[in-house]
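The values are calculated or read from the model by the stated rules, or taken from the named source; none is laboratory data. Source: prediction; values computed, not measured. Backbone-built Cβ (ideal geometry, glycine too); neighbour counts: all protein chains shown.
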């Protein structure tokens, strides 16, 4: 039922209330569903391409399964990297601890060996507790993976149909405004997901010649770590550079420490994060890089890790909504002046 060409307000409120109740009921899984929905937006071009050749349901299942497989493989690869180089990492840590102990014994104010050992034991206990909690949470983790798989399939399978239906029932000017805002949302999500991967690849390519020039063994190991750390919000490969800088000082390799500070950090850490990431994002998202950074850090501060995706998206939607509002107000004013 409509009133004056608009849907009945009570019906709208009722449907809105149902959606709010559903969101609250599935609150624990809401983050997984949101990630699936935003990722589906980026993967829709692949879905459209595959549906020309195979059944849409099958193509959505294949894409969703491939995403889960890639994510699981990436996590497994990261664990394998640390596990296979555990002895080498232990050697680096022991070298640093020995150095701290030596300068402490010489009377230089520093962290004592006991304090450092206590701190390491605390971190290991924390890691052990986290690992144990993962074992207990394994059933819930599997449920979330399954929900993610099904939600991603559903979004891929039905997104175009739902979008066409919603746009089709909206009034003309409102429809065009929603199309404009949705295009901004798509571009922003593409920038967020794809640019992160591109930035990690750039970091890897910059890290390989740097660590080779530095003369360190395990060049590919360090370059891979730098790329993996690049995917970690805020910290990035800076943490790796700080660690290697301390190690270089601990073995008296001041040349390497200086190169890490003067070349390694600016090129391997700062350049991909502060130059390439905002530049590539701005090219696709058409949003000021400063606003993108506000979205990243503000989203992380308010919403946690999921804010790394939703923060820039909300900022982009606000900017797009502002542009639409200004255009509509300007049009209304021109019509008023002409009338």
query = What number of residues in the stretch 12-49 are more than 21 Å from the chain's Cα centre (by Cα), touching a residue at least 24 places away in the same chain (Cβ under 8 Å) and either closer than 19 Å to residue 309 by Cβ or surrounded by 15 or more Cβ atoms within 10 Å (Cβ to Cβ) (or both)?
reply = 1
message = Whether any residue in the stretch 78-91 is over 28 Å from residue 150 (Cβ atoms), touching a residue at least 24 places away in the same chain (Cβ under 8 Å) and not in a helix (DSSP H, G or I) is what I want to check.
response = yes
query = Would you call residue 307 crowded, with 18+ Cβ neighbours inside 10 Å and in contact (Cβ under 8 Å) with a residue 12 or more places away in the chain?
reply = no
inquiry  = Quick check on my filter: what residues within the stretch 214-231 are in contact with a helix residue (DSSP H, G or I) (Cβ under 8 Å, 6 or more places away or on another chain), surrounded by fewer than 16 Cβ atoms within 10 Å (Cβ to Cβ) and free of Cβ contacts under 8 Å to residues at least 24 places away in the same chain?
reply    = 220
task = Please tell me if residue 58 is free of Cβ contacts under 8 Å to residues at least 40 places away in the same chain, within 15 Å of residue 156 (Cα to Cα) and in a loop (DSSP other than H, G, I, E, B).
result = no
inquiry  = Within the stretch 87-110, does at least one residue satisfy the condition of being at pLDDT 70 or above, under 30 Å from residue 58 (Cβ atoms) and under 29 Å from the mean Cα position of the chain (by Cα)?
reply    = no
message = Scan the stretch 240-252 and tell me whether some residue there is modelled with pLDDT under 80, assigned to a helix (DSSP H, G or I), touching a helix residue (DSSP H, G or I) at 6+ places or on another chain (Cβ under 9 Å) and buried (at least 17 other Cβ atoms within 10 Å of the Cβ).
response = no
query = On the given criteria, is residue 265 modelled with pLDDT of 75 or more, in a helix (DSSP H, G or I) and touching a helix residue (DSSP H, G or I) at 6+ places or on another chain (Cβ under 7 Å)?
reply = yes
inquiry  = Can you tell me which condition residue 314 does not meet? The list is (1) at pLDDT below 85; (2) crowded, with 16+ Cβ neighbours inside 10 Å; (3) assigned to a helix (DSSP H, G or I), and all the others hold.
reply    = (1)
